Amino acid sequence: KIEEVKSTTKTERIASHSHVKGLGLNDAGEADPIAAGLIGQEKAREAAGIAVDLIKSKKMAGRAVLFAGAPGTGKTAIALVFAFCVNFEAPSYARVSHIFDRFSGHGQRTGP
């Protein structure tokens, strides 16, 4: 007897950082070691929080924020939360190369 083998892969895709809900900062702007889906990187989270506050208070505009570090250190997670905190909506298809080409002057311009 031949039976159909069910796939063990998930049928629904879940974003890799969907568990992250915020920067995990307290009212004083200090990062809790484990909070909002993030663990560690307290100094980076506090710095991102300062930048978010500056943007929300309209004291920082038209500037880029660079997240740099070794692979696996949480750059993408912090950048996604940062973008969410400042109400930035990136297209779901955006890739680093698209953003680099658009804002660096290399390649074909796709926007203003």
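I want the local charge near E46. Using Cβ-Cβ distances under 11 Å, sum +1 for each Lys or Arg and -1 for each Asp or Glu among the other residues.
-2
Give me the distance in nm between label points sitting 7 Å out from Cα along the Cα-to-Cβ direction at F84 and E3, one decimal.
Rounded to a tenth, the inter-label distance reads 4.1 nm.
Measuring from a point 7 Å past the Cα of S16 along Cα-to-C-beta, which residues in segment 50-73 have an amide N at less than 14 Å?
Inside the label zone: 70-73.
If you count, for each residue, the other Cβ atoms within 10 Å and average over each peptide, how do 35-47, 67-79 line up from highest to lowest?
Descending mean neighbour count gives 35-47, 67-79.
Computed from the coordinates by the stated procedures, all read-outs in this text should not be read as laboratory data. Bear in mind the structure is a predicted one, so any value in this text is a computation, not a measurement. Cβ: placed from backbone, ideal geometry, glycine included. Neighbour counts: every protein chain shown.
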